[in-house]
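The values are calculated or read from the model by the stated rules, or taken from the named source; none is laboratory data. Model, not experiment: these values are computed from the prediction. Using ideal geometry, Cβ is built from the backbone for each residue, glycine included, and neighbour counts are taken over all protein chains shown. For the accessible areas, the whole protein counts, side chains as well, though only heavy atoms, and no ligand, DNA or RNA atoms are used. Shrake-Rupley method; radii C 1.70, N 1.55, O 1.52, S 1.80 Å.
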Amino acid sequence: MGESSSHRAGHIAIVGRPSVGKSTLLNALVGAKISITSKKPQTTRYRITGILSESNRQFAFVDTPGFQTRNRSPLNDRLNRTVRDSLNAVDAVVWVVDAQRLTEADRAVAALLPAGVPIIVAVNKIDQRKDKGGLLALLAEISALREFAAIVPISAERGTQLTELKDEIANVLPISPPLYPASDLTDRDERFLAAEFVREKIFRLLGEEVPYATTVAIDQFEERGSLRRIHATIYVDKTSQRAILLGVAGERMKAIATQARADMERVFGGPVYLDVWVKVKRGWANDETQLTRFGY
Ligand SMILES: Nc1nc2c(ncn2[C@@H]2O[C@H](COP(=O)(O)OP(=O)(O)OP(=O)(O)O)[C@@H](O)[C@H]2O)c(=O)[nH]1
Ligand SMILES: [Mg+2]
């Protein structure tokens with residue numbers, strides 16, 4: 001058989017409850033920061049594909065929002081719909097769980113996993129689990145749930161056992177030529193990534209409330225030679241949140257913009273001029289028209 005007839009390629013959905021490390025895993029697998037991460041649950045709101053091309057296989061990993069059933073809202077309904085939609089038409093699924101324990105929220109995700117598609121369980125954050133016995137008991141508990149193609153303990157943050165995970169995934173991918181050019185890292189454009197980098201800093205730098213009342217839009221994205229001029233607007237729900245976002249003398253806003261710009265320059269590979277504004281748009285997260293406008 002020729003080389004092309006042994007090449008494997010396919011789409012792999014990465015799903016799981018919030019905060020288990022799906023986006024960290026996507027970035028570690030692809031080897032670039034394309035999906036935003038934070039300690040707060042439901043950081044990811046949009047589906048994003050990360051592409052990893054190797055000599056005889058290509059993985060198109062689809063990162064998804066954390067699936068959750070506790071807090072119903074128009075925005076959360078859309079996030080859950082994104083998760084469900086992402087499970088259609090993929091060649092394999094990586095179900096990410098935390099090595100610490102299996103929760104009700106994990107079981108809700110397990111119930112969504114499609115039949116007839118190979119499921120690989122990534123048991124993440126093993127760096128935080130020191131007792132071997134407890135981990136073995138968890139692995140046994142998982143394997144009793146249903147048939148899985150593989151169960152792989154990993155640490156996305158440390159890069160532990162990612163080769164093993166990739167090999168297990170490749171085993172179930174169809175024989176196929178590459179689906180994307182080998183130089184592609186993601187299906188999303190720089191404009192999308194720019195908005196996401198701003199949103200990540202809000203999740204990382206602010207307290208519990210404001211990130212969930214926030215969305216980001218790019219109003220202007222201009223390339224002049226190697227310089228990118230980007231104009232972003234952060235939308236919040238209330239005037240009080242605008243004040244929190246700005247911080248004393250605009251200090252917090254400055255930190256958000258500086259850190260977001262650093263990410264953009266690293267990923268885009270050139271200088272960025274970033275201008276960030278904050279506007280109040282009351283009730284945007286409960287308004288179906290606004291949600292559609294913001295791409296949810
Ligand atoms: N110790 C440890 N922490 C990890 C590991 N992987 C991810 N994390 C941390 O877990 C937190 C959540 O990571 P994310 O990648 O944002 O999780 P997620 O599943 O994408 O979360 P949502 O998008 O909100 O659903 C972050 O603080 C990560 O740094 C790991 O292997 N070990
Ligand atoms: Mg995520």
### Query
So which residues in segment 194-211 are touching a strand residue (DSSP E or B) at 6+ places or on another chain (Cβ under 9 Å) and open to solvent by 10 Å² or more (accessible area, probe 1.4 Å)?
195, 196
### Message
Of the conditions (1) of a type in the set (Lys, Arg); (2) touching a residue at least 24 places away in the same chain (Cβ under 8 Å); (3) open to solvent by 10 Å² or more (accessible area, probe 1.4 Å), residue 72 satisfies every one except a single condition; which number is it?
### Response
(2)
### Message
What are the pairs with Cβ atoms under 9 angstrom where one residue, in segment 245-264, is more than 14 Å from residue 232 (Cβ to Cβ) and in contact (Cβ under 8 Å) with a residue 40 or more places away in the chain and the other, located anywhere, is open to solvent by 40 Å² or more (accessible area, probe 1.4 Å) and of a type outside the set (Val, Ile, Thr)? Sequence gap at least six, or different chains.
### Response
252/205; 252/246; 255/205
### Summary
If we ask which residues in segment 74-90 are among the basic types (Lys, Arg) and closer than 23 Å to residue 118 by Cβ, their number turns out to be 1
### Query
Hey, any hits in segment 24-32 for a residue that's away from ligand 2 (no atom under 11 Å from the Cβ) and touching a Lys or Arg at 6+ places or on another chain (Cβ under 6 Å)?
no
### Summary
Within segment 248-266, restricting to residues that are over 15 Å from residue 227 (Cβ atoms) and of a type in the set (A, V, I, L, M, F, W, C), the one that is surrounded by the most Cβ atoms within 10 Å (Cβ to Cβ) is 256
### Task
Identify all residues within segment 150-188 that are touching a residue at least 40 places away in the same chain (Cβ under 8 Å), within 16 Å of residue 97 (Cα to Cα) and open to solvent by 50 Å² or more (accessible area, probe 1.4 Å); write none if there are none.
157
### Residues located in segment 91-143, provided they are open to solvent by 20 Å² or more (accessible area, probe 1.4 Å), of a type outside the set (D, E, K, R), over 21 Å from residue 157 (Cα atoms) and assigned to a loop (DSSP other than H, G, I, E, B)
103, 114, 115, 116, 117, 118
## Note on the structure
Screening 19, 5 for residues that are in a helix (DSSP H, G or I) and surrounded by fewer than 23 Cβ atoms within 10 Å (Cβ to Cβ) leaves only 5
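Here's the yes/no breakdown for (1) part of a strand (DSSP E or B); (2) within 20 Å of residue 158 (Cα to Cα):
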{"site": "14", "(1), (2)": "yes, yes"}
{"site": "23", "(1), (2)": "no, yes"}
{"site": "28", "(1), (2)": "no, yes"}
{"site": "32", "(1), (2)": "no, yes"}
{"site": "37", "(1), (2)": "no, yes"}
{"site": "40", "(1), (2)": "no, yes"}
{"site": "46", "(1), (2)": "no, no"}
{"site": "61", "(1), (2)": "yes, yes"}
### Subset of segment 209-227 (residues that are in a loop (DSSP other than H, G, I, E, B) and either under 24 Å from the mean Cα position of the chain (by Cα) or hydrophobic (A, V, I, L, M, F, W, C) (or both))
209, 214
### Query
What pairs come up if the first residue lies in segment 124-142 and is among the acidic types (Asp, Glu), the second is open to solvent by less than 50 Å² (accessible area, probe 1.4 Å) and at pLDDT 95 or above, and their beta carbons are under 7 Å apart, counting only those six or more places apart or on different chains?
127/155; 141/102
### residue 88 vs. criteria open to solvent by 10 Å² or more (accessible area, probe 1.4 Å) and more than 9 Å from ligand 1 (Cβ to nearest atom)
yes
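Among the listed residues 36, 12, identify the single one that is among the β-branched types (Val, Ile, Thr), surrounded by 18 or more Cβ atoms within 10 Å (Cβ to Cβ) and more than 21 Å from residue 118 (Cβ to Cβ).
After applying the criteria, what remains is 36.
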